[in-house]
Amino acid sequence: MNDRLPYLREKTAKLTSAPGVYLMKDQQNQIIYIGKAKNLHRRVSSYFRKEASHLPKVEKMVSHVWDYDFIVTDSEYEALLLECSLIKQHQPHYNILLKDDKGYCYIKISDEPYPRITVEKQKTPDGNYIGVYTSSFTAKSAVEEVNTVFGLPDCNRKFPQSFRKKRPCLNYDIKRCAGICRGEISQEDYQERIRQAVQYLKNGSQSSVERMQTEMQKAAENLEFEKAAQLRDRIRAVQKAAASQKILDHEFRNADIIALADQQDKICISVLLYRNGRLQDKINYEIHEQAEENSFDSFVFRFYHERSEIPDRILLSQEVSDMNLLQKMLSEKAGHKIKLYIPKKGSGLELLNMARQNAAESLAIQENRTGKELLAVESLGKLLGMSKIPKYIESYDISNFASDTMVAGMVVFENGRPLKKAYKRFSMKENQTQNDYACMQEVLKRRFSHLHDDSDPYFSRVPDLILLDGGKGHVNAAAPVIAELCPETALFGMVKDSKHRTRAIAAGDREIQVSGEAFQLITRIQDEVHRYAVAYLHRKHKKQSFASDLLQVQGIGQKTAQKLMLYFKTRDSLWSADVPELQKAGISQKTAENLYAYLHGENHESTTPTYAHFVR
């Protein structure tokens with residue numbers, strides 16, 4: 001709680017409604033946050049009003065505000081430019097600071113009889129170098145491509161020492177390497193490959209193709225058909241590599257592709273830079289502690305305010321609040337018209353998905369998850385309209401054999417992955433009849449009655465999302481229970497089609513169609529909770545059958561049957577026991593003899609199948 005709020009509210013009540021920039025300061029008079037506003041009074045008041053429901057990151061910033069200054073401008077556009085300039089100058093703690101993942105590296109051509117082309121972070125006295133490269137991604141992609149195109153080795157073998165000592169590796173079989181280790185390529189021919197590869201790295205694919213075409217024609221004229229054929233194959237490899245590197249349509253030749261992956265406490269924004277029709281660079285920006293409620297908006301504005309080069313087209317994964325304002329700013333800065341938009345289909349959408357995958361993979365490394373898992377959780381949260389990402393999901397399913405056995409299973413998924421140590425099983429206590437809705441209500445009441453029980457670290461956790469294996473009937477039956485016991489948790493159902501496959505999400509009286517990563521996650525959850533509930537049902541039903549078999553033996557009632565089951569655990573151990581071992585379970589010798597005879601079919605004249613039929 002900020003004790004200065006009454007003073008700040010009183011000051012803000014007199015604030016102008018003109019556009020401008022506000023500068024939040026702490027008790028040491030340091031600027032901790034800078035923002036712009038179309039209406040200063042309305043925007044600044046939103047921070048200090050009573051019972052304001054801020055995001056945790058905004059609330060933390062507000063708790064440190066001691067005072068603020070403001071600068072009035074003539075327009076919102078001027079406020080935007082001033083905000084970007086002041087943030088760059090002061091670098092406030094709670095504003096997005098554009099710290100990227102870039103580092104410097106070089107492409108090295110080693111000084112050996114059979115040189116290698118590799119990526120290095122430091123220069124050493126030996127070898128020749130190309131670069132410096134500001135993106136390790138670009139350098140690694142270029143080296144991987146050139147090694148594949150020219151059939152150069154990337155293994156650890158030393159040449160010519162390793163000639164013919166081992167059979168060629170898989171790269172040779174899949175035509176990613178010319179098989180230098182076979183010793184059939186002369187040093188002179190290999191050096192020529194390296195020369196062409198270096199030219200390819202320095203000058204690009206088009207000029208390399210033109211140069212090799214000239215050499216191929218000359219070789220053909222000189223009747224050097226083998227050399228001409230090698231050059232032809234190399235040209236085809238270069239052209240194939242160019243195609244695989246996503247040579248874009250003309251309209252996308254110079255473009256930036258910006259996409260966000262959001263895990264709430266951490267955000268990563270990936271920017272793919274295409275220049276002259278090729279992926280030139282990839283930059284990831286990780287955003288941790290900041291107070292902007294729309295991080296994507298703030299990032300895009302800051303990113304281009306700090307860059308001198310702006311491409312013709314900018315593709316975004318989501319809307320920014322001031323799209324027209326941003327487009328005006330960028331067009332004026334670049335000196336030409338900028339197209340800023342969100343592609344809905346085609347190659348533009350494919351590129352956005354690639355950028356989003358890159359951002360997700362960066363976050364996944366820190367979370368010990370895969371990018372696919374994190375994207376699935378994020379997509380599911382957006383699909384369901386949730387205000388936060390459902391990192392902790394509980395799912396429930398009821399399973400029964402008529403009214404004989406009624407059970408439920410609860411599975412947990414954390415960050416898109418099963419958390420098996422948090423799974424729970426339930427046997428019905430209040431509902432002994434076949435009523436799935438009543439059983440689901442019982443299970444949820446029992447589970448959430450332990451919400452504040454610290455003895456169970458998983459029952460005491462509040463889930464972000466509950467998914468019931470069932471449609472709107474299950475959701476409507478469970479809704480009052482969740483509203484009473486755990487109102488902050490979102491509740492939905494998982495609907496199946498006639499073939500028992502996931503079809504949609506049930507939300508009250510409507511259904512939400514699911515696709516992509518979210519569909520795959522929902523399917524996994526639904527299959528897992530069904531498997532878990534059914535497995536428990538079979539296990540319990542098997543035990544009940546076990547007990548009913550024992551009741552047929554003279555001298556054994558319900559309590560004795562339970563005693564035997566607890567002692568021997570399994571049918572096999574009971575069947576293999578002799579009379580003295582049966583007595584150890586606490587039964588008389590006569591009862592043990594009757595049981596042994598029943599189990600093994602001795603002196604049993606009845607046509608009823610003996611227990612031996614069931615255990616053998």
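Here are a few things to note about the model shown:
- Chain lengthening between LYS345 and ASP26 when straightened (0.36 nm per residue, less Cα-Cα): 110.2 nm
- Rounded to 5, the percent of DSSP beta bridges in the range 250-367 classed as antiparallel: 70 percent
- Remark: LEU5, LEU170 ranked as LEU170, LEU5, counting other beta-carbon atoms within 10 Å and listing the fewest first.
- Within straight-line cross-link reach of LYS11, lysines at Cα separation under 29 Å, skipping those fewer than 8 residues along the same chain: LYS25, LYS36, LYS38, LYS50, LYS57, LYS60, LYS88
- Neighbour counts of other Cβ atoms within 10 Å put LYS424, LYS158, LYS50, LYS38 in the fewest-to-most order LYS50, LYS158, LYS38, LYS424.
- Mean residue ellipticity (222 nm) of the chain, computed from DSSP H runs ≥ 4 via -39,500 (n - 2.57), nearest 500: -14000 deg cm²/dmol
- SER186-THR523 FRET efficiency (beta carbon distance; Förster radius 51 Å; 0.05 resolution): 0.35
- Taking each residue as 0.36 nm, the span from ASN156 to LYS559 lengthens on full extension beyond its C-alpha to C-alpha distance by 138.0 nm.
- Pairwise Cα separations in the range 443-542 fall into 10 Å bins from 0 onward with the following percentages, short to long: 14, 40, 36, 10, 0.
- For the chain, the relative contact order comes to 8 percent (Cα pairs under 8 Å, sequence separation of at least 6).
- The simple spin-label model puts a point 7 Å past each Cα toward its Cβ; for SER45 and SER515 those points are separated by 4.3 nm.
- For the chain, the longest principal axis of the alpha carbon atoms and the long axis of helix 323-334 meet at an angle near 30°.
- Applying the Karplus relation 6.51 cos²θ - 1.76 cosθ + 1.60 with θ = phi - 60° to the range 460-465 yields 3J(HN,Hα) values of 7, 7, 8, x, 6, 8 Hz, where x marks Gly and Pro.
- Here the residues LYS14, LYS175, LYS57, ranked from fewest to most Cβ neighbours within 10 Å of their Cβ, fall in the order LYS14, LYS175, LYS57.
- Placing a pseudo-label 7 Å from each Cα along the Cα-to-Cβ vector at GLU306 and TYR7 gives an inter-label distance of 3.3 nm.
- Estimated FRET transfer efficiency (HIS54, TYR129; beta-carbon r; R0 60 Å; 0.05): 0.70
- Estimated inter-spin distance, GLU76 and ARG501, nm [label 7 Å along Cα→Cβ]: 4.7 nm
- Enclosed volume per residue, in Å³, of the convex hull spanned by Cα atoms of the chain: 282 Å³
- Acute angle (nearest 10 degrees) that the helix 516-550 long axis makes with the longest principal axis of the chain, alpha-carbon atoms: 20 degrees
- Using θ = phi - 60° in the Karplus curve 6.51 cos²θ - 1.76 cosθ + 1.60, the 3J(HN,Hα) couplings for the range 73-89 round to 10, 7, 8, 5, 5, 5, 4, 4, 5, 5, 4, 4, 5, 5, 5, 5, 6 Hz; x is entered for Gly and Pro.
- Length gained when the stretch ASP572-MET323 is fully extended (0.36 nm per residue, less Cα-Cα span): 82.4 nm
- The range 5-90: radius of gyration and largest Cα-Cα distance (Dmax), Å: 12.4, 33
- To the nearest ten degrees, helix 436-448 and the longest principal axis of the Cα atoms of the chain are 70 degrees apart.
- Three principal axis extents describe the C-alpha atoms of the range 383-441; from largest down they are 39, 26, 16 Å.
- Alpha-carbon Debye profile of the range 252-393, log10 I(q)/I(0) at 0.13, 0.14, 0.15 Å⁻¹: -0.57, -0.66, -0.76
- Bridgeable lysines around LYS429 (alpha carbons under 20 Å apart, same-chain partners fewer than 8 residues away excluded): LYS445, LYS540, LYS542, LYS543, LYS559.
- Student exercise, the chain dipole from Lys, Arg, Asp, Glu Cβ charges, in Debye to nearest 20: 860 debye
- Aspartates and glutamates with Cα under 19 Å of LYS424, excluding same-chain neighbours fewer than 8 positions away: GLU394, ASP397, GLU414, ASP436, GLU442, ASP453, ASP454, ASP456, ASP464, ASP469, ASP527, GLU528
No value in this document is a laboratory result; all are computed from the given coordinates. Bear in mind the structure is a predicted one, so any value in this text is a computation, not a measurement. Positions of Cβ are backbone-derived with ideal geometry, glycine not excepted, and every protein chain shown enters the neighbour counts.
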